[in-house]
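Contents: one structure, followed by commentary.
The values are calculated or read from the model by the stated rules, or taken from the named source; none is laboratory data. Nothing here was measured: the structure is a model prediction, and the numbers come from that model. As a convention, Cβ positions derive from the backbone with ideal geometry for all residues, glycine included, and neighbour counts pool all protein chains shown.
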């Protein structure tokens, strides 16, 4: 991670499925972002209220020939400078606007990514981000900085 604070690049929602589209301000409730839906019941749980991915991973995937951009892979928050895939279960993310999240699960690629490319599921494995639950509700917007508080590392 660089010396500067990680930053929110984009806040993304959709009524369900991919891609998610960027919004200016996201209202975060205990269930996740207002207006964000899920096509599959398995994703509709407070333990997977928010999904995060690094914009650097999307940049790499784009260089590898995939048509991805913030929201394309179904993530709610696209982040710069965090290294989301290196976070551990129980790490907490404190956004300067007041929202706090706790990492709960590694995000695994889903067949819905086949709409972008049938090769994307394999290519994104290990850099698909993670899920988080809501600790503190509020509003979140692009440009917010993030402070990471490491919890007790658990098995990923």
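Does residue 71 meet the test of being surrounded by 22 or more Cβ atoms within 10 Å (Cβ to Cβ), at pLDDT 95 or above and under 21 Å from residue 116 (Cα atoms)? Spell out how you get there, then give the answer.
On the way: surrounded by 22 or more Cβ atoms within 10 Å (Cβ to Cβ): yes; at pLDDT 95 or above: yes; under 21 Å from residue 116 (Cα atoms): yes.
The answer is yes for residue 71.
Taking the stretch 75-123 on its own, how many of its residues are within 15 Å of the chain's Cα centre (by Cα) and within 26 Å of residue 151 (Cα to Cα)?
Residues flagged as within 15 Å of the chain's Cα centre (by Cα) and within 26 Å of residue 151 (Cα to Cα) within the stretch 75-123 amount to 31.
Can you name every one of the strands (runs of 3 or more DSSP E) wholly within the stretch 12-77 that holds 2 or more residues which are in contact with a helix residue (DSSP H, G or I) (Cβ under 6 Å, 6 or more places away or on another chain) and either more than 21 Å from residue 122 (Cβ to Cβ) or touching a residue at least 40 places away in the same chain (Cβ under 8 Å) (or both)? Spell out how you get there, then give the answer.
Values: elements: 21-23, 25-29, 50-54.
Filter on the stretch 12-77 gives 50-54.
If you go through the stretch 78-92, how many residues are assigned to a strand (DSSP E or B) and either surrounded by fewer than 22 Cβ atoms within 10 Å (Cβ to Cβ) or without any contact (Cβ under 8 Å) to a residue 60 or more places away in the chain (or both)?
Residues that pass the stated criteria total 2.
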